[in-house]
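Chemist: The structure is given below, and queries will be raised subsequently.
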Amino acid sequence: MADTYDFGLVGLGVMGRNFILNVADNGFTAFGNDLDDEKVGALIKEGGDMGKVNASTDVKTFVDALTTPRKIMLLVPAGKVVDIVIESLLPHLDKDDIIIDGGNSFFTDTDRREAYLKEKGINFFGAGVSGGAKGARRGPSIMPGGSREAYQHVKPIFEAVSAKYKGEPCVAYLGPKSAGNYVKMVHNGIEYGLMQLTSEIYDLLKKAGGLSNEELHQTFAQWNKGRLQSFLVEITSEIFEQKDDLGDGELVDKILDKAKQKGTGKWTSQNAMDLGIPVPTIDVAVSMRELSALKEERVKADALYDRPTPSAVDKAEFISKAERALYFAFIITYAQGMHQLADASKEYGYELELGEIAKIWRAGCIIRAALLADITDAYQANEKLENLLLSPFFVEKVKETVGAAREMTAYGAINGIPLAGLSNALTYFDAYTSSRLPLNLIQAQRDYFGSHTYERVDREGIFHTEWEDN
(Lines give C-alpha, C1' and ligand atoms only; values in the text may rest on other atoms or scores of the structure.)
Protein backbone atom coordinates (compact mmCIF):
# COMPACT_ATOMS: atom_id res chain seq x y z
CA MET A 1 0.00 0.00 0.00
CA ALA A 2 1.28 3.48 -0.85
CA ASP A 3 2.41 5.83 1.91
CA THR A 4 -0.61 8.13 1.82
CA TYR A 5 -2.01 8.55 5.34
CA ASP A 6 -0.88 11.30 7.71
CA PHE A 7 -1.88 9.74 11.01
CA GLY A 8 -2.36 6.25 12.42
CA LEU A 9 -4.43 5.14 15.39
CA VAL A 10 -4.51 1.79 17.16
CA GLY A 11 -7.68 0.95 19.12
CA LEU A 12 -10.96 1.63 17.36
CA GLY A 13 -13.31 1.56 20.32
CA VAL A 14 -15.65 4.51 20.82
CA MET A 15 -12.86 6.93 21.80
CA GLY A 16 -10.48 5.78 19.06
CA ARG A 17 -13.10 5.80 16.30
CA ASN A 18 -14.28 9.27 17.27
CA PHE A 19 -10.75 10.64 17.49
CA ILE A 20 -9.69 9.33 14.09
CA LEU A 21 -12.85 10.72 12.46
CA ASN A 22 -12.06 14.05 14.09
CA VAL A 23 -8.60 13.92 12.48
CA ALA A 24 -10.16 13.26 9.07
CA ASP A 25 -12.68 16.08 9.54
CA ASN A 26 -9.82 18.52 10.02
CA GLY A 27 -7.98 17.93 6.76
CA PHE A 28 -5.66 15.02 7.60
CA THR A 29 -5.84 11.51 6.25
CA ALA A 30 -5.96 8.78 8.88
CA PHE A 31 -5.56 5.00 9.04
CA GLY A 32 -6.82 2.86 11.91
CA ASN A 33 -5.91 -0.53 13.28
CA ASP A 34 -7.80 -2.94 15.50
CA LEU A 35 -7.90 -6.71 15.94
CA ASP A 36 -11.70 -6.61 15.76
CA ASP A 37 -13.05 -6.89 12.18
CA GLU A 38 -16.34 -5.28 13.19
CA LYS A 39 -14.62 -2.17 14.57
CA VAL A 40 -12.49 -1.84 11.44
CA GLY A 41 -15.59 -2.18 9.25
CA ALA A 42 -17.55 0.32 11.36
CA LEU A 43 -14.83 2.94 10.96
CA ILE A 44 -14.58 2.48 7.19
CA LYS A 45 -18.35 2.71 6.86
CA GLU A 46 -18.66 5.81 9.03
CA GLY A 47 -15.64 7.48 7.42
CA GLY A 48 -17.27 7.22 4.00
CA ASP A 49 -14.18 7.99 1.93
CA MET A 50 -11.32 5.47 2.17
CA GLY A 51 -8.98 8.05 0.72
CA LYS A 52 -9.45 10.03 3.92
CA VAL A 53 -10.15 7.30 6.50
CA ASN A 54 -9.20 3.66 6.20
CA ALA A 55 -8.39 0.78 8.55
CA SER A 56 -7.07 -2.76 8.74
CA THR A 57 -6.70 -5.58 11.23
CA ASP A 58 -3.21 -6.30 9.86
CA VAL A 59 -0.39 -4.45 11.63
CA LYS A 60 2.01 -4.43 8.66
CA THR A 61 -0.67 -3.10 6.32
CA PHE A 62 -1.44 -0.42 8.88
CA VAL A 63 2.17 0.68 9.38
CA ASP A 64 3.02 0.59 5.65
CA ALA A 65 0.10 2.91 4.91
CA LEU A 66 1.56 5.80 6.94
CA THR A 67 3.85 8.60 5.81
CA THR A 68 7.20 8.90 7.58
CA PRO A 69 8.06 9.70 10.21
CA ARG A 70 5.03 7.64 11.15
CA LYS A 71 2.73 9.17 13.73
CA ILE A 72 0.89 6.38 15.53
CA MET A 73 -1.43 7.03 18.45
CA LEU A 74 -2.59 4.31 20.84
CA LEU A 75 -6.03 4.56 22.41
CA VAL A 76 -6.06 1.24 24.22
CA PRO A 77 -6.53 0.33 27.91
CA ALA A 78 -3.64 1.34 30.17
CA GLY A 79 -1.28 -1.34 31.43
CA LYS A 80 0.05 -4.45 29.74
CA VAL A 81 -2.03 -3.90 26.59
CA VAL A 82 0.06 -0.82 25.74
CA ASP A 83 3.27 -2.87 25.91
CA ILE A 84 1.74 -5.63 23.77
CA VAL A 85 0.71 -3.14 21.07
CA ILE A 86 4.15 -1.52 21.09
CA GLU A 87 5.84 -4.90 20.59
CA SER A 88 3.49 -5.70 17.70
CA LEU A 89 4.43 -2.43 15.98
CA LEU A 90 8.19 -2.49 16.51
CA PRO A 91 9.19 -4.96 13.75
CA HIS A 92 7.55 -2.73 11.17
CA LEU A 93 8.77 0.69 12.29
CA ASP A 94 11.72 2.80 11.11
CA LYS A 95 14.07 5.07 13.01
CA ASP A 96 12.47 8.32 14.18
CA ASP A 97 8.90 7.03 13.89
CA ILE A 98 6.61 8.27 16.66
CA ILE A 99 4.33 6.35 19.02
CA ILE A 100 1.88 8.35 21.13
CA ASP A 101 0.11 6.81 24.14
CA GLY A 102 -3.25 8.58 24.40
CA GLY A 103 -4.58 6.48 27.27
CA ASN A 104 -4.53 6.97 31.03
CA SER A 105 -1.17 5.29 31.58
CA PHE A 106 0.59 5.68 34.92
CA PHE A 107 3.35 8.21 34.46
CA THR A 108 6.22 5.94 35.50
CA ASP A 109 5.13 3.44 32.82
CA THR A 110 5.48 6.23 30.26
CA ASP A 111 9.01 7.01 31.48
CA ARG A 112 9.92 3.32 31.18
CA ARG A 113 8.51 3.01 27.67
CA GLU A 114 10.17 6.20 26.48
CA ALA A 115 13.59 4.96 27.65
CA TYR A 116 13.03 1.53 26.09
CA LEU A 117 11.98 2.90 22.70
CA LYS A 118 14.68 5.56 22.64
CA GLU A 119 17.26 2.76 22.59
CA LYS A 120 15.55 1.48 19.44
CA GLY A 121 15.49 4.88 17.76
CA ILE A 122 11.72 5.31 18.16
CA ASN A 123 10.17 8.44 19.66
CA PHE A 124 7.53 7.88 22.33
CA PHE A 125 5.42 10.30 24.31
CA GLY A 126 2.28 10.29 26.39
CA ALA A 127 -0.65 12.55 25.56
CA GLY A 128 -3.55 12.81 27.96
CA VAL A 129 -6.88 13.18 26.16
CA SER A 130 -9.89 14.51 28.06
CA GLY A 131 -13.44 15.11 26.97
CA GLY A 132 -14.92 11.64 26.71
CA ALA A 133 -16.27 10.18 23.50
CA LYS A 134 -18.01 13.41 22.46
CA GLY A 135 -14.84 15.40 23.10
CA ALA A 136 -12.78 12.97 21.03
CA ARG A 137 -15.18 13.53 18.12
CA ARG A 138 -15.72 17.28 18.39
CA GLY A 139 -12.61 18.55 20.16
CA PRO A 140 -10.88 17.29 23.31
CA SER A 141 -8.30 18.92 25.53
CA ILE A 142 -4.96 17.24 24.78
CA MET A 143 -1.98 17.14 27.15
CA PRO A 144 1.19 15.94 25.37
CA GLY A 145 4.59 15.49 26.97
CA GLY A 146 7.85 13.88 25.84
CA SER A 147 10.25 14.76 23.06
CA ARG A 148 9.70 18.37 22.00
CA GLU A 149 11.19 17.60 18.58
CA ALA A 150 8.89 14.62 18.02
CA TYR A 151 5.89 16.64 19.09
CA GLN A 152 6.49 19.15 16.29
CA HIS A 153 5.49 16.47 13.77
CA VAL A 154 2.18 15.90 15.57
CA LYS A 155 1.49 19.49 16.61
CA PRO A 156 -0.48 20.55 13.47
CA ILE A 157 -2.80 17.56 13.83
CA PHE A 158 -3.35 17.97 17.56
CA GLU A 159 -3.97 21.70 17.25
CA ALA A 160 -6.52 21.07 14.49
CA VAL A 161 -8.50 18.39 16.33
CA SER A 162 -8.42 19.91 19.83
CA ALA A 163 -11.16 21.99 21.41
CA LYS A 164 -10.92 25.74 20.91
CA TYR A 165 -11.33 28.46 23.52
CA LYS A 166 -11.92 31.82 21.83
CA GLY A 167 -10.02 30.44 18.85
CA GLU A 168 -7.06 29.11 20.84
CA PRO A 169 -6.41 25.35 20.61
CA CYS A 170 -6.68 23.50 23.92
CA VAL A 171 -3.41 21.65 23.47
CA ALA A 172 0.18 22.59 24.24
CA TYR A 173 3.51 20.85 24.66
CA LEU A 174 3.78 20.52 28.43
CA GLY A 175 7.25 19.17 29.14
CA PRO A 176 9.68 16.26 28.78
CA LYS A 177 9.27 12.62 29.77
CA SER A 178 5.88 11.72 31.23
CA ALA A 179 4.69 15.30 31.75
CA GLY A 180 1.58 14.78 29.62
CA ASN A 181 0.39 11.65 31.40
CA TYR A 182 1.15 13.21 34.79
CA VAL A 183 -0.89 16.33 34.04
CA LYS A 184 -3.79 14.15 32.84
CA MET A 185 -3.56 12.12 36.05
CA VAL A 186 -3.89 15.25 38.21
CA HIS A 187 -6.65 16.51 35.91
CA ASN A 188 -8.55 13.34 36.76
CA GLY A 189 -7.84 13.79 40.47
CA ILE A 190 -9.35 17.28 40.32
CA GLU A 191 -12.27 15.75 38.43
CA TYR A 192 -12.85 13.32 41.32
CA GLY A 193 -12.91 16.21 43.77
CA LEU A 194 -15.32 18.37 41.75
CA MET A 195 -17.70 15.45 41.21
CA GLN A 196 -17.74 14.61 44.92
CA LEU A 197 -18.43 18.23 45.84
CA THR A 198 -21.24 18.50 43.31
CA SER A 199 -22.87 15.34 44.67
CA GLU A 200 -22.70 16.68 48.23
CA ILE A 201 -24.38 19.97 47.30
CA TYR A 202 -27.07 17.95 45.51
CA ASP A 203 -27.55 15.93 48.70
CA LEU A 204 -27.94 19.09 50.77
CA LEU A 205 -30.42 20.67 48.38
CA LYS A 206 -32.50 17.50 48.17
CA LYS A 207 -32.53 16.41 51.83
CA ALA A 208 -32.49 19.78 53.57
CA GLY A 209 -33.83 22.14 50.93
CA GLY A 210 -36.47 19.70 49.76
CA LEU A 211 -35.83 20.52 46.10
CA SER A 212 -37.59 18.39 43.50
CA ASN A 213 -35.65 17.10 40.51
CA GLU A 214 -37.16 19.87 38.40
CA GLU A 215 -36.03 22.48 40.94
CA LEU A 216 -32.58 20.87 41.04
CA HIS A 217 -32.44 21.05 37.25
CA GLN A 218 -33.38 24.73 37.29
CA THR A 219 -30.92 25.53 40.11
CA PHE A 220 -27.90 23.91 38.45
CA ALA A 221 -28.89 25.32 35.05
CA GLN A 222 -28.98 28.80 36.58
CA TRP A 223 -25.62 28.26 38.29
CA ASN A 224 -24.19 27.21 34.94
CA LYS A 225 -24.93 30.70 33.63
CA GLY A 226 -22.76 32.28 36.32
CA ARG A 227 -19.37 31.82 37.96
CA LEU A 228 -19.96 28.07 38.41
CA GLN A 229 -20.28 27.63 34.63
CA SER A 230 -18.64 24.29 33.89
CA PHE A 231 -19.12 21.02 32.08
CA LEU A 232 -19.90 19.16 35.31
CA VAL A 233 -22.50 21.66 36.50
CA GLU A 234 -24.04 21.70 33.02
CA ILE A 235 -24.44 17.93 32.77
CA THR A 236 -25.67 17.79 36.38
CA SER A 237 -28.54 20.11 35.47
CA GLU A 238 -29.39 17.87 32.50
CA ILE A 239 -29.23 14.65 34.56
CA PHE A 240 -32.15 15.79 36.74
CA GLU A 241 -34.37 16.06 33.63
CA GLN A 242 -33.68 12.57 32.30
CA LYS A 243 -36.77 10.38 32.50
CA ASP A 244 -36.51 6.70 33.39
CA ASP A 245 -37.30 4.72 30.23
CA LEU A 246 -37.81 1.56 32.31
CA GLY A 247 -40.26 3.01 34.79
CA ASP A 248 -41.84 6.16 36.19
CA GLY A 249 -40.08 9.30 37.35
CA GLU A 250 -36.52 10.52 36.77
CA LEU A 251 -33.64 8.18 36.15
CA VAL A 252 -31.31 9.73 38.75
CA ASP A 253 -33.48 8.36 41.58
CA LYS A 254 -33.19 4.80 40.23
CA ILE A 255 -29.39 4.70 39.95
CA LEU A 256 -27.59 2.68 42.62
CA ASP A 257 -25.44 4.81 44.92
CA LYS A 258 -22.19 2.89 44.33
CA ALA A 259 -19.61 4.93 42.41
CA LYS A 260 -16.89 3.13 40.48
CA GLN A 261 -13.40 4.28 39.53
CA LYS A 262 -10.61 3.42 37.12
CA GLY A 263 -7.69 4.37 39.37
CA THR A 264 -6.47 7.77 38.19
CA GLY A 265 -7.90 9.58 41.21
CA LYS A 266 -6.21 7.07 43.50
CA TRP A 267 -2.92 7.56 41.63
CA THR A 268 -3.19 11.32 42.14
CA SER A 269 -3.79 10.88 45.85
CA GLN A 270 -1.02 8.32 46.31
CA ASN A 271 1.53 10.38 44.40
CA ALA A 272 0.61 13.52 46.31
CA MET A 273 1.43 11.66 49.51
CA ASP A 274 4.75 10.56 48.02
CA LEU A 275 5.53 14.18 47.21
CA GLY A 276 4.30 15.48 50.58
CA ILE A 277 1.67 17.71 48.99
CA PRO A 278 -1.75 17.91 50.73
CA VAL A 279 -4.75 17.25 48.44
CA PRO A 280 -7.38 16.27 51.03
CA THR A 281 -10.41 17.07 48.85
CA ILE A 282 -9.12 14.68 46.20
CA ASP A 283 -8.12 12.11 48.84
CA VAL A 284 -11.56 12.00 50.37
CA ALA A 285 -13.27 11.90 46.98
CA VAL A 286 -11.43 8.63 46.34
CA SER A 287 -12.35 7.38 49.83
CA MET A 288 -16.03 8.21 49.35
CA ARG A 289 -16.18 6.11 46.19
CA GLU A 290 -14.63 3.27 48.15
CA LEU A 291 -17.09 3.81 51.00
CA SER A 292 -20.01 3.88 48.57
CA ALA A 293 -19.06 0.36 47.45
CA LEU A 294 -19.93 -0.93 50.95
CA LYS A 295 -23.63 -0.74 50.14
CA GLU A 296 -24.78 -3.81 52.11
CA GLU A 297 -22.85 -2.74 55.21
CA ARG A 298 -24.17 0.79 54.92
CA VAL A 299 -27.76 -0.49 54.82
CA LYS A 300 -27.14 -2.55 57.98
CA ALA A 301 -25.48 0.35 59.78
CA ASP A 302 -28.26 2.74 58.79
CA ALA A 303 -30.73 0.51 60.64
CA LEU A 304 -28.63 0.58 63.82
CA TYR A 305 -28.20 4.30 64.31
CA ASP A 306 -30.58 7.22 64.58
CA ARG A 307 -30.15 9.97 62.03
CA PRO A 308 -31.24 13.54 62.72
CA THR A 309 -34.16 14.95 60.78
CA PRO A 310 -32.78 17.92 58.81
CA SER A 311 -33.90 21.19 60.35
CA ALA A 312 -36.06 23.56 58.33
CA VAL A 313 -34.31 26.05 56.05
CA ASP A 314 -35.29 29.02 53.94
CA LYS A 315 -35.10 27.47 50.46
CA ALA A 316 -33.94 30.56 48.52
CA GLU A 317 -31.32 31.47 51.12
CA PHE A 318 -30.14 27.86 51.33
CA ILE A 319 -29.68 27.66 47.55
CA SER A 320 -27.68 30.89 47.62
CA LYS A 321 -25.40 29.56 50.36
CA ALA A 322 -24.99 26.28 48.51
CA GLU A 323 -23.80 28.13 45.39
CA ARG A 324 -21.22 30.08 47.39
CA ALA A 325 -20.03 26.97 49.21
CA LEU A 326 -19.62 25.03 45.97
CA TYR A 327 -17.72 27.88 44.34
CA PHE A 328 -15.41 28.08 47.37
CA ALA A 329 -14.77 24.34 47.30
CA PHE A 330 -14.14 24.33 43.53
CA ILE A 331 -11.43 26.98 44.05
CA ILE A 332 -9.83 24.91 46.81
CA THR A 333 -9.84 21.74 44.71
CA TYR A 334 -8.17 23.43 41.75
CA ALA A 335 -5.67 25.00 44.15
CA GLN A 336 -4.72 21.58 45.53
CA GLY A 337 -4.28 20.08 42.06
CA MET A 338 -2.20 22.97 40.76
CA HIS A 339 -0.03 22.84 43.89
CA GLN A 340 0.65 19.16 43.21
CA LEU A 341 1.57 19.93 39.60
CA ALA A 342 3.99 22.65 40.70
CA ASP A 343 5.78 20.36 43.12
CA ALA A 344 5.86 17.42 40.71
CA SER A 345 7.37 19.67 38.07
CA LYS A 346 10.33 20.33 40.35
CA GLU A 347 10.62 16.74 41.51
CA TYR A 348 10.45 15.13 38.06
CA GLY A 349 11.98 17.90 35.92
CA TYR A 350 8.82 18.51 33.90
CA GLU A 351 9.27 22.29 33.54
CA LEU A 352 5.49 22.75 33.68
CA GLU A 353 3.90 26.14 33.07
CA LEU A 354 0.77 26.15 35.22
CA GLY A 355 -0.82 29.01 33.31
CA GLU A 356 -0.45 27.02 30.09
CA ILE A 357 -2.07 23.98 31.70
CA ALA A 358 -5.03 26.03 32.92
CA LYS A 359 -5.38 27.46 29.39
CA ILE A 360 -5.72 24.09 27.70
CA TRP A 361 -8.28 23.01 30.31
CA ARG A 362 -10.61 25.93 29.50
CA ALA A 363 -12.48 23.90 26.85
CA GLY A 364 -12.82 20.29 25.75
CA CYS A 365 -11.98 18.51 28.99
CA ILE A 366 -14.19 17.19 31.78
CA ILE A 367 -13.04 19.83 34.29
CA ARG A 368 -13.49 22.76 31.89
CA ALA A 369 -15.00 25.70 33.73
CA ALA A 370 -15.23 29.47 33.64
CA LEU A 371 -13.02 29.40 36.73
CA LEU A 372 -10.08 28.22 34.61
CA ALA A 373 -9.92 31.54 32.77
CA ASP A 374 -9.37 33.20 36.15
CA ILE A 375 -6.78 30.56 37.09
CA THR A 376 -4.97 31.20 33.80
CA ASP A 377 -4.91 34.93 34.54
CA ALA A 378 -3.58 34.32 38.05
CA TYR A 379 -0.58 32.32 36.81
CA GLN A 380 0.07 34.70 33.92
CA ALA A 381 0.16 37.56 36.42
CA ASN A 382 2.61 35.64 38.63
CA GLU A 383 4.41 32.64 37.12
CA LYS A 384 5.91 31.84 40.53
CA LEU A 385 2.57 31.81 42.36
CA GLU A 386 2.94 29.16 45.08
CA ASN A 387 -0.76 28.52 45.58
CA LEU A 388 -3.97 29.95 44.11
CA LEU A 389 -4.97 31.00 47.63
CA LEU A 390 -2.16 33.58 47.48
CA SER A 391 -3.51 35.20 44.30
CA PRO A 392 -5.14 38.60 45.03
CA PHE A 393 -8.09 37.71 42.78
CA PHE A 394 -8.80 34.47 44.61
CA VAL A 395 -8.21 36.00 48.04
CA GLU A 396 -11.24 38.21 47.38
CA LYS A 397 -13.35 35.37 45.98
CA VAL A 398 -12.58 33.11 48.94
CA LYS A 399 -13.34 35.85 51.44
CA GLU A 400 -16.75 36.27 49.81
CA THR A 401 -17.64 32.59 49.96
CA VAL A 402 -15.88 30.91 52.88
CA GLY A 403 -18.63 31.96 55.31
CA ALA A 404 -21.20 29.99 53.32
CA ALA A 405 -18.88 26.98 53.27
CA ARG A 406 -18.65 27.16 57.06
CA GLU A 407 -22.41 27.37 57.47
CA MET A 408 -23.12 24.50 55.11
CA THR A 409 -20.46 22.30 56.67
CA ALA A 410 -21.85 22.97 60.14
CA TYR A 411 -25.39 22.28 58.91
CA GLY A 412 -24.30 18.95 57.47
CA ALA A 413 -22.54 17.93 60.69
CA ILE A 414 -25.51 18.81 62.90
CA ASN A 415 -28.07 17.23 60.60
CA GLY A 416 -26.23 14.03 59.71
CA ILE A 417 -25.58 14.80 56.03
CA PRO A 418 -22.04 13.67 55.09
CA LEU A 419 -20.04 16.45 53.44
CA ALA A 420 -16.60 14.88 53.25
CA GLY A 421 -15.41 16.94 50.28
CA LEU A 422 -16.71 20.29 51.49
CA SER A 423 -15.47 19.81 55.05
CA ASN A 424 -12.03 18.72 53.84
CA ALA A 425 -11.85 21.72 51.51
CA LEU A 426 -12.67 23.98 54.46
CA THR A 427 -10.16 22.25 56.74
CA TYR A 428 -7.46 22.57 54.08
CA PHE A 429 -8.20 26.29 53.81
CA ASP A 430 -8.16 26.83 57.56
CA ALA A 431 -4.90 24.90 57.95
CA TYR A 432 -3.17 26.53 54.97
CA THR A 433 -4.10 30.00 56.23
CA SER A 434 -3.03 29.31 59.85
CA SER A 435 0.36 30.71 60.80
CA ARG A 436 0.40 28.43 63.84
CA LEU A 437 -0.78 24.80 63.87
CA PRO A 438 -0.79 22.38 66.84
CA LEU A 439 1.86 20.16 65.22
CA ASN A 440 4.36 21.34 67.83
CA LEU A 441 2.62 18.87 70.17
CA ILE A 442 3.08 16.06 67.62
CA GLN A 443 6.79 16.84 67.42
CA ALA A 444 7.00 16.74 71.20
CA GLN A 445 5.22 13.37 71.23
CA ARG A 446 7.55 11.98 68.57
CA ASP A 447 10.59 13.10 70.50
CA TYR A 448 9.15 11.73 73.76
CA PHE A 449 8.58 8.17 72.55
CA GLY A 450 11.11 7.89 69.73
CA SER A 451 13.81 10.54 70.24
CA HIS A 452 12.93 11.93 66.80
CA THR A 453 14.10 15.48 67.73
CA TYR A 454 12.43 18.80 67.05
CA GLU A 455 13.16 22.37 66.02
CA ARG A 456 12.42 25.48 68.09
CA VAL A 457 10.76 28.81 67.28
CA ASP A 458 13.29 30.86 69.26
CA ARG A 459 16.65 29.52 68.07
CA GLU A 460 18.32 27.60 65.25
CA GLY A 461 19.28 23.95 65.45
CA ILE A 462 17.92 20.45 66.07
CA PHE A 463 16.99 19.55 69.64
CA HIS A 464 16.18 16.49 71.74
CA THR A 465 14.86 16.39 75.30
CA GLU A 466 15.15 13.62 77.90
CA TRP A 467 11.48 13.77 78.85
CA GLU A 468 10.51 13.03 82.42
CA ASP A 469 8.71 9.70 82.71
CA ASN A 470 6.06 10.48 85.30
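The values are calculated or read from the model by the stated rules, or taken from the named source; none is laboratory data. Just so we're clear, the structure is a prediction, and the values are computed from it rather than from any experiment. All Cβ positions, even for glycine, are placed from backbone atoms using ideal geometry, and neighbour counts span all protein chains on display.
Chemist: Which pairs have Cβ atoms under 6 Å, sit 6 or more apart or on different chains, and link a residue in segment 17-39 that is under 15 Å from TYR5 (Cα atoms) to one that is basic (Lys, Arg)?
Modeler: ASN22/ARG137; ALA24/LYS52; THR29/LYS52
Chemist: What residue, among those in segment 335-359 that are in a loop (DSSP other than H, G, I, E, B) and out of contact with any helix residue (DSSP H, G or I) (no Cβ under 7 Å at 6 or more places or on another chain), is surrounded by the most Cβ atoms within 10 Å (Cβ to Cβ)?
Modeler: If we take residues in segment 335-359 being in a loop (DSSP other than H, G, I, E, B) and out of contact with any helix residue (DSSP H, G or I) (no Cβ under 7 Å at 6 or more places or on another chain), then GLU353 is surrounded by the most Cβ atoms within 10 Å (Cβ to Cβ).
Chemist: Would you be able to say whether some residue in segment 296-307 is of a type in the set (Phe, Trp, Tyr), at pLDDT 95 or above, within 19 Å of LEU422 (Cβ to Cβ) and assigned by TED's automatic domain parsing to the domain that holds GLU407?
Modeler: No.
Chemist: Within segment 365-378, track down each residue that is in contact (Cβ under 8 Å) with a residue 40 or more places away in the chain and not small (Gly, Ala, Ser).
Modeler: CYS365, ILE366, ILE367, ARG368, LEU371, ILE375, listed by residue number.
Chemist: Within the set of pairs 6+ apart or on separate chains, which have a first residue in segment 435-460 that is closer than 27 Å to LEU390 by Cα, a second that is among the aliphatic types (A, V, I, L, M) and assigned to a helix (DSSP H, G or I), and C-beta atoms under 7 Å apart?
Modeler: LEU437/ALA431
Chemist: Considering every residue within segment 390-404, establish whether at least one is surrounded by 24 or more Cβ atoms within 10 Å (Cβ to Cβ) and part of a helix (DSSP H, G or I).
Modeler: Within segment 390-404 (the criterion being surrounded by 24 or more Cβ atoms within 10 Å (Cβ to Cβ) and part of a helix (DSSP H, G or I)), the answer is no, since none of the residues qualifies.
Chemist: Regarding PRO156, is this residue in contact with a strand residue (DSSP E or B) (Cβ under 8 Å, 6 or more places away or on another chain) and either assigned by TED's automatic domain parsing to the domain that holds ILE86 or surrounded by fewer than 23 Cβ atoms within 10 Å (Cβ to Cβ) (or both)?
Modeler: No.
Chemist: Go through segment 1-23 and give me each residue that's within 12 Å of ALA136 (Cα to Cα) and not in a loop (DSSP other than H, G, I, E, B).
Modeler: Correct list: VAL14, MET15, GLY16, ARG17, ASN18, PHE19, ILE20, LEU21, ASN22, VAL23.
Chemist: Taking the stated definitions as given, is SER230 among the small types (Gly, Ala, Ser), touching a Gly at 6+ places or on another chain (Cβ under 9 Å), surrounded by 13 or more Cβ atoms within 10 Å (Cβ to Cβ) and under 23 Å from VAL286 (Cα atoms)?
Modeler: Taking the combined requirement at face value, the residue does not satisfy it.
Chemist: Quick check on this structure: which one of GLY16, GLY48, GLY32 is farther than 19 Å from ALA133 by Cα and of a type outside the set (A, V, I, L, M)?
Modeler: GLY48
Chemist: Counting just the residues of segment 114-130 that are touching a residue at least 60 places away in the same chain (Cβ under 8 Å) and not β-branched (Val, Ile, Thr), which one comes out nearest to ASP96 (Cα to Cα)?
Modeler: GLU114
Chemist: Test ILE366 against the criterion of being within 25 Å of LYS177 (Cβ to Cβ), part of a loop (DSSP other than H, G, I, E, B) and among the hydrophobic types (A, V, I, L, M, F, W, C), and give yes or no.
Modeler: Spelling it out, ILE366 is indeed within 25 Å of LYS177 (Cβ to Cβ), part of a loop (DSSP other than H, G, I, E, B) and among the hydrophobic types (A, V, I, L, M, F, W, C).
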